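Below: one structure, written as structure tokens.
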Amino acid sequence: MIPRKPFDRNAGTLLRILRLSWLALMLTLAATGCNLSEEETVQNTISFDRIADSLKQYDVVVIVLKDQTGKPIDTVYNGKVNQAADVHKLKAPHWNGGKVIVAIFATKSGKLAYQAETNLDPASSTRDINVILSPYSSLTSAVQSLPLIVGDSVKSPAINVSPGSIIDKQLDWSVSPPELLAFGPDFLKALQAGSGTITIRLRSNPDITLSIPVVISASGMVPVSIGIKPESLTVAADGPPGSLTAQVLPSGASSAVTWLSADSTIASVNAEGRVQGKRQGETTVSATSQVRSNITNSVPVRVTGPVPVEKIDFSTESLEIAMNGAAVELVTSVTPPTANPAVVFTLSEPGKATIQNGKISGIQIGNVSVFAASVANPDAKDTLFVNIKATAPDDTVPPLKPIVHVKPAGPTQNLRPVWSWSSGGGSGAGSFQVSLDKATFDSAAALSSDTTFTPPANLGTGSHVLYVRERDAAGNWSLPGSAQVDIDTTAPSAPKIYGASPTSALPRWSWSSGGSGGAGVYRSRLVDAVFPANAPESPDMAYALTAAVTGTTYTLFVEERDSAGNWSAAASLPIKYDLTKPTVTITLPQASGTFITSADTVTVSG
């Protein structure tokens, strides 16, 4: 124990700085993340052993005992904490009753950098306290993101508060936008579809935060299972690919899946579910929902050895094309059909035509032979005779515009709809160009014989139009055909619900649309707002109980769906059913009954 010494001038200066710069001090404290904790008992002594290392970072440290009015009683320490020997100086003397405030002040480069206070009560069993300085606080969680379905109630993610010496580990939770979630004591409830951010703050220092992204999907639009057709697949190594199709339930749920081969050296699979055999063996191919990774399924895939190519054939014996016209696809087939379909094309006179990506283009008038040889069996060959004609100089009539469709047509929640089209007829040569969301085309864009288009990435909400045009052999372009899809992921507003409560009639509710795109399709449910995926839907706007128990409060929850399949948040209304009758008695001038009285007043209760 060190002798008491008066409150010196340096300590007084620090206190004056504190009083004059209170706002600046609060900002400083918020930035440092410092906290006081109370642990351990040391009889009649305040021990600062465990904070000595933290206090060494400051130029001057002053530790003061004050009474409850803030008047200094004793200066426990004043100076720079440099040596381990200073730890023994950080001992407060005994005090003789009354509550005491222990205040710690520290300066750095002539400015107040840290301040903390704690109350000690000698009448309390915890009056002997270790003050622990925790200058570096942080919040962490193993949960990196939170996918939910409307109506989900899940346990709040575990948050780790460090350092462990912080006693006040209370947290404040919030979400933006606020209508997404409701917070319980230790759980979260998803209220409506959308995406946002959960923010967790350390209550003792709100500057210490942690953010967790949250995505809430509409209950009817989230996959609950995935089926794969066929249930097994056999392909040959290096043969034509086989196709797998994912069937997602419910039918309105997102059909976006990720395909994966358990062993891509045996069989590979692309984003459309086409399976290519690589080598003989067995593996599995799985489809996993891109909305919820725990919704998955797989099928066995068997890869046989390579099937020998016996022969190769062109689809026709001869072909007529236009000079400088559209490229024409060379169609071949192999026997047997499960053999490797890959072929190599060569020309008898390369100066008259070119072959690129399996398509031939004429560059000089005349005849040329195309030779096709199997990659797997070069002895399997076939020949095609091609006549290259001049383009008619007066052909300026364009083909008819293509006929374009999109699935789903919308409104829809599907962010990657599929467009398909067919030739509009006329002189179209089956060469197309596409343009998404603009009616103008890049003249240098590549031509394609494809008749489907899937966006390479998710589209945003709103309207999207795909324009398709076709070219004929003379180079004339058709007018664009188009198809529009409307993508809508915004839920309508909750319905407005009405009903009388309390009531002696059987409870009856009615409701109306909340607007914001509601399609007038509803579903209702007693007890809670957790609607199953197959909950019945109806245009009805009223619900009445056929039986009820007096004294019971019944709550009805109602949601509305829009034409895209988005469900609103649930509106609710509690109605109490009450058949209890009142009791009326006459208490003065005598108890209830039949009597004659000269009094001009009576007292009735009940």
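The values are calculated or read from the model by the stated rules, or taken from the named source; none is laboratory data. Remember, it's a predicted structure, so these values are computed and weren't measured experimentally. As a convention, Cβ positions derive from the backbone with ideal geometry for all residues, glycine included, and neighbour counts pool all protein chains shown. SASA here: full protein model, heavy atoms, side chains in, ligands and nucleic acids out. Shrake-Rupley method; radii C 1.70, N 1.55, O 1.52, S 1.80 Å.
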Subject >> Checking R469 against (1) part of a strand (DSSP E or B); (2) in contact with a Leu (Cβ under 6 Å, 6 or more places away or on another chain), the condition it does not meet >> reply: (2)
Original post:
For the range 412-428, how many residues are open to solvent by less than 50 Å² (accessible area, probe 1.4 Å) and more than 20 Å from R471 (Cα to Cα)?
Top reply: 4
Original post:
What is the number of the single condition among (1) in contact with a Lys or Arg (Cβ under 7 Å, 6 or more places away or on another chain); (2) within 30 Å of E470 (Cβ to Cβ); (3) not polar (S, T, N, Q) that L319 does not meet?
Top reply: (1)
Original post:
Got a number for residues in the range 99-154 being hydrophobic (A, V, I, L, M, F, W, C), in a loop (DSSP other than H, G, I, E, B), closer than 24 Å to L202 by Cα and at pLDDT below 65?
Top reply: 1
Original post:
Does P163 satisfy the condition of being on the phi < 0 side of the Ramachandran plot, in contact with a Cys (Cβ under 7 Å, 6 or more places away or on another chain) and modelled with pLDDT under 75?
Top reply: no
Original post:
Which number in (1) without any contact (Cβ under 8 Å) to a residue 40 or more places away in the chain; (2) open to solvent by 60 Å² or more (accessible area, probe 1.4 Å); (3) more than 27 Å from N357 (Cβ to Cβ) marks the one condition that G462 misses?
Top reply: (2)
Original post:
Got a sec? Which of V584, V604, V558, V549 is of a type in the set (A, V, I, L, M), out of contact with any Gly (no Cβ under 9 Å at 6 or more places or on another chain), over 23 Å from N414 (Cβ atoms) and modelled with pLDDT under 90?
Top reply: V604
Original post:
Residues in the range 269-287: is at least one among the hydroxyl-bearing types (S, T, Y), over 19 Å from V235 (Cβ atoms) and in contact with a Ser or Thr (Cβ under 9 Å, 6 or more places away or on another chain)?
Top reply: no
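Listed here are the residues, each with its yes/no results for (1) modelled with pLDDT of 90 or more; (2) within 49 Å of the chain's Cα centre (by Cα); (3) loosely packed, with under 14 Cβ neighbours inside 10 Å; (4) of a type in the set (K, R).
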{"site": "F371", "(1), (2), (3), (4)": "yes, no, no, no"}
{"site": "N387", "(1), (2), (3), (4)": "yes, no, yes, no"}
{"site": "K401", "(1), (2), (3), (4)": "yes, yes, no, yes"}
{"site": "G410", "(1), (2), (3), (4)": "no, yes, no, no"}
{"site": "G430", "(1), (2), (3), (4)": "no, yes, no, no"}
{"site": "A444", "(1), (2), (3), (4)": "no, yes, yes, no"}
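Do you know which of the residues in the range 267-300 that are open to solvent by 40 Å² or more (accessible area, probe 1.4 Å), within 19 Å of V222 (Cβ to Cβ) and among the hydroxyl-bearing types (S, T, Y) is farthest from the chain's Cα centre (by Cα)?
The selected residue is T296.
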Subject >> R471 being open to solvent by 60 Å² or more (accessible area, probe 1.4 Å) and either touching a strand residue (DSSP E or B) at 6+ places or on another chain (Cβ under 8 Å) or not polar (S, T, N, Q) (or both) >> reply: no
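Among the residues of the range 519-549, write down those that are small (G, A, S) and either part of a loop (DSSP other than H, G, I, E, B) or under 18 Å from D562 (Cα atoms) (or both).
Matches in the range 519-549: A519, G520, S524, A529, A533, A535, S538, A547, A548.
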Subject >> Pick from the range 302-316, criterion outside any strand (DSSP E or B) and over 27 Å from T265 (Cβ atoms), ranking: modelled with the highest pLDDT >> reply: E310
Original post:
How many residues are part of a loop (DSSP other than H, G, I, E, B), open to solvent by 50 Å² or more (accessible area, probe 1.4 Å) and closer than 21 Å to K407 by Cα when one looks only at the range 237-266?
Top reply: 2
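For every residue, the table says whether it meets (1) open to solvent by less than 30 Å² (accessible area, probe 1.4 Å); (2) touching a strand residue (DSSP E or B) at 6+ places or on another chain (Cβ under 6 Å).
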residue	(1), (2)
V154	no, yes
I159	no, yes
S174	no, yes
F183	no, yes
L188	yes, yes
Q192	no, no
I200	yes, yes
S211	no, yes
A218	yes, yes
Original post:
Just checking, how many residues over the range 285-301 are assigned to a loop (DSSP other than H, G, I, E, B) and touching a residue at least 24 places away in the same chain (Cβ under 8 Å)?
Top reply: 4
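Yes/no matrix, rows are residues, columns are (1) closer than 23 Å to E179 by Cβ; (2) open to solvent by 60 Å² or more (accessible area, probe 1.4 Å):
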| site | (1), (2) |
| --- | --- |
| G514 | yes, no |
| S538 | no, no |
| D562 | yes, no |
| G565 | yes, no |
| A570 | yes, no |
| K576 | no, yes |
| P589 | no, yes |
Original post:
Do you know which residues across the range 505-534 are at pLDDT below 90 and among the polar types (S, T, N, Q)?
Top reply: S516, N534
Original post:
So how many residues does the range 366-415 have that are in a strand (DSSP E or B) and not small (G, A, S)?
Top reply: 19
